[in-house]
Amino acid sequence: YICYDISSTGLEDTWADIIKFDWVYNIEQAYDLISSPAYAKVGNKPVVQVWGTGFTGNHPGSAQETIDLINFLKSRGCYVIGGVPTWWRTETGDSKPNFLDAYLNYDMISPWFIGRYSNNEGANNFYNNPMIADKAFCDNHGIEYMPTIFAGFAWSQWNPGNPNEAPRNAGDFMWKQALNIAKLGVNNMYFSMF
């Protein structure tokens, strides 16, 4: 499925219009991607993800602009996933304040946990907070929940000699995250980024 990443666009006034234009004229019409049997669908609705809404920092868009974009995509028959901040539900930390109404309009929430912890103990801590409460909140509001997981990370891939910030531990680190998601009763996850 298509994922639009709005990070660092520098297009505060036009980001949503660019996505709308691309979806209609490229995805639906010029390339007709959504008619492909390979295109992901939920309940016969083509899946589209908008990643980066609600983040503090260099991410454009107000809550109302985000709601308008979600509604536009839904009017085109889409199932819309929000790639949202880690602390979306509490609107703290990496989340803009007063954005919860926008998050509640998504069909699925996929909070960004990448780099928020670096070992199995950190993964377990995130399972306890925020994942359990996030999942319960989503269930109570009829929203699907898709946590993100990652294999690990090392700047040493670009800068030899640097330590591994999140060691892979022969796959054990990623496996722990997957087990925690399964314990929540969630049968999907977003693997990022190989």
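A few remarks follow.
- The range 87-194 - charge dipole about Cα centre, Lys and Arg +1 at Cβ, Asp and Glu -1, debye rounded to 20: 220 debye
- Under the criterion of Cα pairs below 8 Å and six or more residues apart, the relative contact order for the chain equals 16 percent.
- Rounded to the nearest 20 debye, the dipole size of the range 11-99 about its Cα centre is 420 debye, using +1 on the Cβ of Lys and Arg and -1 on the Cβ of Asp and Glu.
- Value of relative contact order over the range 62-109, rounded to a whole percent, pairs C-alpha under 8 Å and six or more apart: 44 percent
- Cβ-based net charge around Ser62, under 12 Å, with every Lys or Arg adding one and every Asp or Glu removing one: -4
- Neighbour net charge for Lys20 - beta-carbon separation under 14 angstrom, K R +1, D E -1: -4
- Positive end of the dipole of the chain (Cβ unit charges, origin at the Cα centre): among Pro37, Ala63, Ala182, the Cα lying farthest that way belongs to Ala182.
- Alpha-carbon centroids, the range 33-55 and the range 94-153: separation in whole Å: 19 Å
- Between Ala154 and Leu104, full extension at 0.36 nm per residue minus the direct alpha carbon distance yields a gain of 14.6 nm.
- Low-density loop cleavage sites - chymotrypsin sites (Phe, Trp or Tyr not before Pro) in the range 5-87, where at most 11 other Cβ are within 10 Å (DSSP): Tyr31
- Dipole axis of the chain (+1 Lys, Arg; -1 Asp, Glu on Cβ), positive-most option in Asn120, Leu11, Met193: Asn120
- Full extension of the chain between Asp13 and Glu91 yields a length gain of 25.8 nm, computed as 0.36 nm times the residue separation minus the alpha carbon distance.
- Label-to-label distance, nm, for residues given as Thr56 and Tyr39 (7 Å Cα→Cβ offset): 3.8 nm
- Value of Rg to Rh for the range 104-194 (Rh from inverse mean 1/r over Cα pairs, i.e. Kirkwood): 1.03
- Estimated [θ] at 222 nm from DSSP helical runs (n ≥ 4, -39500 (n - 2.57)) normalised by residues in the chain, nearest 500: -7500 deg cm²/dmol
- Percent accessible area from carbon and sulfur atoms, the range 50-194, protein chains only, probe 1.4 Å: 52 percent
- Accessible solvent surface per residue of the chain, calculated while the other protein chains remain in place, 1.4 angstrom probe, Å²: 50 Å²
- Of all beta bridges that DSSP places with both ends in the chain, some 20 percent have antiparallel geometry.
- Tail fraction, Cα-Cα pairs, the range 1-133, threshold 25 Å, whole percent: 29 percent
- In summary, the aspartates and glutamates within cross-link reach of Lys135, defined as a Cα separation below 13 angstrom excluding same-chain residues under 8 places away, comprise Glu144.
- Trypsin sites (Lys or Arg not before Pro) restricted to DSSP loop in the range 114-194 with at most 16 other C-beta within 10 Å: Arg168
The values are calculated or read from the model by the stated rules, or taken from the named source; none is laboratory data. Note that the structure is predicted; figures quoted are calculated from it, not measured. Backbone-built Cβ (ideal geometry, glycine too); neighbour counts: all protein chains shown. These accessible areas exclude ligands, DNA and RNA; they are computed on the full protein's heavy atoms, side chains included. Shrake-Rupley method; radii C 1.70, N 1.55, O 1.52, S 1.80 Å.
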